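This report concerns only the one structure given below.
The values are calculated or read from the model by the stated rules, or taken from the named source; none is laboratory data. This one's a predicted model, so the numbers in the text were calculated from it and none came from an experiment. Don't worry about glycine lacking a Cβ; one is built from the backbone with ideal geometry, like all the others, and counts go over all protein chains shown. Just the protein is used for accessible areas: all its heavy atoms, side chains included, with ligands, DNA and RNA removed. Shrake-Rupley method; radii C 1.70, N 1.55, O 1.52, S 1.80 Å.
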Amino acid sequence: MYRYPETESEKTALSVISGFIDNPSKLFCSEMKKVAENMQDLSFYRHDIPCFTPNFVLFEGQWVGTVLTPWMISIVVLPGPNQQWEVRTIGDKLGLQLPYKTITFTVSSVESVPQYLSSSLLSPLDAQLTAEQAVQLTKDCLTMLLSLPVQQQAPDLNKRHIFRAMLK
């Protein structure tokens, strides 16, 4: 996976994680395919499910996406253009407020992405889930994550309050 710096110049260079100017979804998917090669012998690995990432979305300057692998669906957050993240310890937990809700993420790493945040949505994948359904679910999860929650309040039908509501 990720190689830790060995020299002082490498350590200094990795004191911050620079953001991705271009959408990193394809890069991230190719990294997950590399990881998948080492997971194939595990009992929960689904050989019929592809690695897939819909295009990530820039949200508050960070790339937010979802990823499907043969063993899970996760949310990932990567630094966006002109961002510099401080280096964190792999495995640290961090809460982020998204429009949908606050989600706890784990600091993670793969070879081409020195640090990113991940949060599992579904692991292991349901045995009844088809590849087509899994891809659609991954797309839908990303849409839902960045959607504002809809809460419709019951109208106050008290006659005294109707006029007051009209004046607002």
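Observations on the structure shown:
- Residue 121 being modelled with pLDDT of 95 or more and open to solvent by 50 Å² or more (accessible area, probe 1.4 Å): yes
- A count restricted to the range 101-115 and to residues that are surrounded by 14 or more Cβ atoms within 10 Å (Cβ to Cβ) and either in contact with a Phe, Trp or Tyr (Cβ under 9 Å, 6 or more places away or on another chain) or of a type in the set (Phe, Trp, Tyr) (or both) stands at 8.
- Among the residues of the range 88-136, those identified as in a loop (DSSP other than H, G, I, E, B) and in contact with a strand residue (DSSP E or B) (Cβ under 6 Å, 6 or more places away or on another chain) are 88, 90, 92, 123.
- Under the condition of being open to solvent by less than 40 Å² (accessible area, probe 1.4 Å) and out of contact with any Pro (no Cβ under 6 Å at 6 or more places or on another chain), the residues counted in the range 40-53 number 2.
- Residues that are open to solvent by less than 10 Å² (accessible area, probe 1.4 Å) and of a type in the set (S, T, N, Q) were ranked within the range 54-91; the one that is farthest from residue 117 (Cα to Cα) is 69.
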